[in-house]
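Colleague: First, the structure itself, so that you have it in front of you.
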Amino acid sequence: MRLFLAIPVDAACAEQLKTRLAAFQARPEMAAMKWAPSLNWHLTLSFLGEVSEADYQAVRESMSDWFAEGMSYFEADLLTLGGFPNPQTGPFWVAKLDATLMMQSLVREIDDHLRPLGFAKRKHAFRPHITLGKWKGVFEDFPTIDEPLEPIQLRVDRLNLYQSVLTPSSPPEYRLLNSLPLETY
């Protein structure tokens, strides 16, 4: 099964993003973009990839101990709407977030808990973003827009473990397998 750990996009953030995104979706240069349904929006903190049933159970069972000392919820600022041009996977249209100290601390904590379970160290620097669409056109025609957002905040109050089920013709289906709330004070 294909797994990842992510922060779900809360309803208030999703509504603000939908409103802001509508102007981009109407632009002719965005016609080749395949937009992700808002129910699929999330902030991936760790992509685990294909894992065995035993590894899934190990992650699921260990999650309740991850923040024994407490990890407080926080809010993260969405900074810009723009592209992630990647020739290997194809370009994506994303909302880029501020990589605050709290966000980096959360990611580091997750990585520290995954390594003893046999998961490899992260290969790339963490670049927080919410994927909103995938470019289906010619790579060279990908719009290189990077537009600042009015203040939109994502409430980071839980960590979800999802299974990603890929389908040939429709968007992936994300199944919630476990949820770990962060502390509220």
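Colleague: In whole angstrom, how far apart do the alpha carbon centroids of the stretch 83-118 and the stretch 124-153 sit?
Modeller: Cα centroid to Cα centroid, the span is 14 Å.
Colleague: Shifting gears a bit: Where the eigenvalues come from the Cα gyration tensor of the chain, what are the semi-axes √(5λ) of the equivalent ellipsoid, largest first, in whole Å?
Modeller: Equivalent ellipsoid semi-axes, largest first: 28, 20, 15 Å.
Colleague: Continuing with this model, one more query. Can you give the local net charge around residue 45? Use residues other than it whose beta-carbon is closer than 12 angstrom to its beta-carbon, Lys and Arg +1, Asp and Glu -1.
Modeller: So the surrounding residues net to +2.
Colleague: Per residue of the chain, what 222 nm ellipticity follows from adding -39500 (n - 2.57) for every DSSP H run with n ≥ 4, rounded to the nearest 500?
Modeller: Rounded to the nearest 500, it is -6500 deg cm²/dmol.
Colleague: Something else now. What are the semi-axes of the equivalent ellipsoid for the stretch 78-185, taken as the square roots of 5 times the Cα gyration tensor eigenvalues, largest first, in whole Å?
Modeller: Taking √(5λ) for each eigenvalue gives 26, 20, 15 Å, largest first.
Colleague: Amide H neighbours of residue 41 under 5 Å, counting only residues 5+ apart in sequence or on other chains, H built in-plane at 1.01 Å?
Modeller: none
Colleague: A further question follows. What dipole magnitude, in Debye to the nearest 20, does the stretch 50-185 give about its Cα centre under +1 on Lys/Arg Cβ and -1 on Asp/Glu Cβ?
Modeller: The dipole magnitude comes to about 320 debye.
Colleague: What's the magnitude of the charge dipole for the stretch 32-119 around its Cα centre, counting Lys and Arg as +1 and Asp and Glu as -1 at the beta-carbon? Answer in Debye, nearest 20.
Modeller: 440 debye
None of the figures in this text is laboratory data; all of them are computed from the coordinates on show. Being a predicted model, the structure only gives us computed values, none of them experimental. Cβ: placed from backbone, ideal geometry, glycine included. Neighbour counts: every protein chain shown.
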